[in-house]
1. Using only Cα atoms, find the angle between the long axis of helix C:132-145 and the longest principal axis of chain C, and express it within 0 to 90 degrees, rounded to the nearest 10.
2. Over the C-alpha atoms of region C:107-265, what are the Rg and the largest Cα-to-Cα span, Dmax, in Å?
3. In sequence order, what are the phi-derived ³J(HN,Hα) couplings for region C:253-269 according to the Karplus relation 6.51 cos²θ - 1.76 cosθ + 1.60 with θ = phi - 60°, rounded to whole Hz, with x for glycine and proline?
4. Along the charge dipole of region D:231-287, which of D:Met275, D:Ala246, D:Thr285 sits closest to the positive end, that is, farthest toward it, with unit charges on the beta carbon of Lys, Arg, Asp and Glu (+1, +1, -1, -1)?
5. Which whole-number percent is the relative contact order of chain D (Cα, under 8 Å, 6+ apart)?
6. Where in region D:113-181 are there chymotrypsin sites (Phe, Trp or Tyr not before Pro) that are in a DSSP coil and have at most 11 other Cβ atoms within 10 angstrom of their Cβ?
7. In whole Hz, with x marking every Gly and Pro, tabulate ³J(HN,Hα) for region D:39-49 from phi via Karplus 6.51 cos²θ - 1.76 cosθ + 1.60, θ = phi - 60°.
8. Closest approach to the D-C rotation axis by any Cβ of D: residue and distance in angstrom?
Number of protein chains: 4
Amino acid sequence: MIRLRLSLELDYEVFDPGCDFIFNIHAAHTNRQRVIEESLTLNQNVATQVETDPATLNRYLRLSARPGPLHVAYQATVDLSHYMALAEQIPEVPVARLPAQVLSYIYPSRYCQSDRLLKFAMREFGQQWHGYGRVQGIRDWVLQHTRFTQNTSDSNTSAIDTLLETVGVCRDFAHLMIALCRAMNIPARFTTGIDYGANPALGPTDFHAYVEAYLGDRWYMFDPSGTAIPMGFVRFGTGRDAADVAFATIFGSVISSAPRISIEAVPGADGQLIMPRHCIEALSTDN
Amino acid sequence: MIRLRLSLELDYEVFDPGCDFIFNIHAAHTNRQRVIEESLTLNQNVATQVETDPATLNRYLRLSARPGPLHVAYQATVDLSHYMALAEQIPEVPVARLPAQVLSYIYPSRYCQSDRLLKFAMREFGQQWHGYGRVQGIRDWVLQHTRFTQNTSDSNTSAIDTLLETVGVCRDFAHLMIALCRAMNIPARFTTGIDYGANPALGPTDFHAYVEAYLGDRWYMFDPSGTAIPMGFVRFGTGRDAADVAFATIFGSVISSAPRISIEAVPGADGQLIMPRHCIEALSTDN
Amino acid sequence: MIRLRLSLELDYEVFDPGCDFIFNIHAAHTNRQRVIEESLTLNQNVATQVETDPATLNRYLRLSARPGPLHVAYQATVDLSHYMALAEQIPEVPVARLPAQVLSYIYPSRYCQSDRLLKFAMREFGQQWHGYGRVQGIRDWVLQHTRFTQNTSDSNTSAIDTLLETVGVCRDFAHLMIALCRAMNIPARFTTGIDYGANPALGPTDFHAYVEAYLGDRWYMFDPSGTAIPMGFVRFGTGRDAADVAFATIFGSVISSAPRISIEAVPGADGQLIMPRHCIEALSTDN
Amino acid sequence: MIRLRLSLELDYEVFDPGCDFIFNIHAAHTNRQRVIEESLTLNQNVATQVETDPATLNRYLRLSARPGPLHVAYQATVDLSHYMALAEQIPEVPVARLPAQVLSYIYPSRYCQSDRLLKFAMREFGQQWHGYGRVQGIRDWVLQHTRFTQNTSDSNTSAIDTLLETVGVCRDFAHLMIALCRAMNIPARFTTGIDYGANPALGPTDFHAYVEAYLGDRWYMFDPSGTAIPMGFVRFGTGRDAADVAFATIFGSVISSAPRISIEAVPGADGQLIMPRHCIEALSTDN
């Protein structure tokens, strides 16, 4: 069991006549990701509402901010009890046996146009063993064919753009990996958290986007941009692609400041400090 | 209450080594759409499984067909008890108050790139009353700016293509209407059924795609291609767009024949025959 | 006759191992645009070559710069003797009678996908008189449907993007107008110069992109972004779209500074100062 | 010297009120492609005009057909005196030394968006020798990564679509090869003719599209779809891409029949019959 303490601070200057926000910055509750303690602080005295979507377990914080500064601070302590498995023992699931609620994750989405990559993916990955190793192979291929480069992509950039232009940030790596998985009928989804373990030379701690693929009987984590340590990922939101899981969706005029984020391993209930580390086993925090 | 009897016959020639199918041809169960009786017949003696996705209520029939002819026949009798409301009394729902499970329907999807149409939609529809009438206005705009034309679109055609090329079939009309609604933060989804009431001159009875928009406290039906009578729509599937709700998703090699479909109003439990008709009230069969 | 004096200063920091440049910053020579005097100054002692493309009359300056600072200064005095005509007397040219060298300007190009806008353009402009007035109508439509906004487009932005997103800079206005003209079989090309007469509030004098359409027996100028005074346009380059007529094409690594540009009317050979002004007549400097 | 005799027959049913045509079905005149004899026959008694574009040498036949059947027959005898060179002796031309009239062929065009493939091409081809062999390498890569498949592409299909979907016809192979060449700053153009030597099993003799790349001091021919024998290519048109060189551009309503085409080698002026054959030398008919 790994215990992580994380904190987020978000700052906005809200213009007249105020602004609606939907945040997805609360750690999700799953059997393997337990929120031991959390708190939310606002500088404005406005009503807030936190709702959980039953299909994804995403927790949405909603509020209507008044004009002026808005400061949102969230901090949580989260225990992760990873499900770990040997990669070579995890098969893909034939389409005929995918659970109904997983099915939609083999279909194309706004930024993951898997329908256009069927032949491309088949050529590259069609001959590999149909299991965790193939998904790992797709992840490695994306990492090898894409260069992590800031300011080369924007909110309109899709998996196809990234395949062609061979540059991007974590969001783009994730979209490309997802599109290639779905093209092989492997359910894949876009998941958000914090880039635990990222090299500080790349900048301050930031939000992160990674991939979960459905294999065997659960969702396993993959980090196609290779910048962070998956064992330290605390899941905020999951969805079809970035269209579903912005950390903040803003309906009105604001100026945003860069978020300030921290995450660190802390001693668990038993007083032991266990640090997330790179490992070769497959990891899941889904259930 | 309207009672409809519908029947579908689907025929495939399945090649070696067989083929997995996911069908979405079962009438959904909702409080206002009750399946009184239904039957499914296959010519092949293979296991079938019908599962309901809790988030959408879509019912998925799955089977692994053997090589050779596959004949699938579904028939059902369905009672519709429409929720009817006066258009001018149905407001839009501010984003801050949308239910969590509706939220994902304001985000862009594979074929409905609403994120690229924000300014376009604002220019056309920004000044209208924020209610049912605005959605009806979007529906009318789509109908006026698009010509129903067979064989001008394919499985890659998106809302943006339809906006530019101004032609398409019911699927394309629906995608464009959905994209424009979402661009105005109005939740909209893609729904499939049968084109009840379509002009026989347009060809035999066929599957149909239409739109549901979330207004007030429920999903209301709209028929942007204007080819059918919404009061006669029996819902099969609903989703983000056509990527989610094909009537058949096929994993293997087959030759498909044209489906044979019929739907007709029949006398209800009380012996009365009530025919679907065009009406000016807003209609919902969602719950 | 209008006499204009213009000067350009371009600055680059060239990295190892040097860099090839193709500039298109020389005023074109036409019967109605005469270069009275011009000079080119470089800080590097490298060979330069100026070649004129016979098809477009574009003048290309080429050089291989060494590492270090590169300063390029061009200044010229140019006499414009506009061909002026009454708009209502200028017809479109039926395709059957277009000169061979004009034909390619009715075909789609990288940023002007007119082939995708045939029906859209026909709906908007099909019923208008087939003459200068229709092209002016297209220009006005583009101006009304697009908002001049810095930093909303990039080198990948095409006419279709601009139509959808309804924002852009002069390059984007020009691409959209060209695409709509070609969709009506009206030859249109992309032309570059300086934004004579632009409001200083919009920033320092800059390069400009505008449109020429072939009507009657020549190319007439249109300024779809409406930011400048066409009578003051000195043509540098013309081509199918921005892909053909960058003011600088750079093959190597450099850092560019913002160009410094000036243009002003000066007294002509007869000592008279004639200022460019907005006018309702059609204007051409082509031949 | 190779002598070829070719004939084309095109049939249309022209609707009211008639229709303008621009054909590009005349063999081009170059120093190495000499038209010994040619004839054009129409069933309608309408004026025809054949014009040569000085920049491309394309010959455009234009006419205004009346309603009713239109039959166009063209036949020609053409002598080809190929320029042949050893592949390993042909270098690429540094951008700084490309002739002005060749420059536009390094820029992106409607169907060849080379600007989006710079990094992709650099990764695949950046390390190869900068000469004919690299272009041949690009040609081979396209052939290996694309499957010749009828009815998978349409008039909207671009190089990027072909790269993603990995299928197409000769037009698509040519667009992809051109885009990759231009991404490496190698001038490349789209050229049309007849598929001399194509396997009859693929269907009747048809129009063909291939590629010319500018290397050394001239344009060399490449056949990326690998279906025909380049030594038997008689050039009709050349341009930026398929947007420029349709064999027929039609302004009005018609029904088209499949063209009937034949081409065969015949004895030359000296009575000798020399057959086009596959060869390893580089071939040019440009000048």
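The values are calculated or read from the model by the stated rules, or taken from the named source; none is laboratory data. This one's a predicted model, so the numbers in the text were calculated from it and none came from an experiment. Note that we place each Cβ from the backbone using ideal geometry, even for glycine, and neighbour counts take in every protein chain shown. Accessible surface areas use protein heavy atoms only, side chains included; no ligands, DNA or RNA. Shrake-Rupley method; radii C 1.70, N 1.55, O 1.52, S 1.80 Å.
1. Compared with the principal axis, the helix lies near 70 degrees.
2. My reading of the Cα-based Rg and Dmax gives 15.3, 50 Å.
3. Result, ordered by residue: 9, 9, 10, 9, 9, 5, x, 10, 10, 9, 8, 8, 6, 10, x, x, 4 Hz.
4. Selected residue: D:Ala246.
5. Values: 681 pairs, mean separation 83.2, N = 287.
Averaging sequence separation for qualifying contacts and normalising by length gives 29 percent for chain D.
6. Here the sparse-neighbourhood loop sites are D:Trp129.
7. Once θ is set to phi - 60°, the couplings for region D:39-49 become 8, 10, 10, 10, 7, 8, 8, 10, 5, 10, 9 Hz.
8. That would be D:Ala55, 2.
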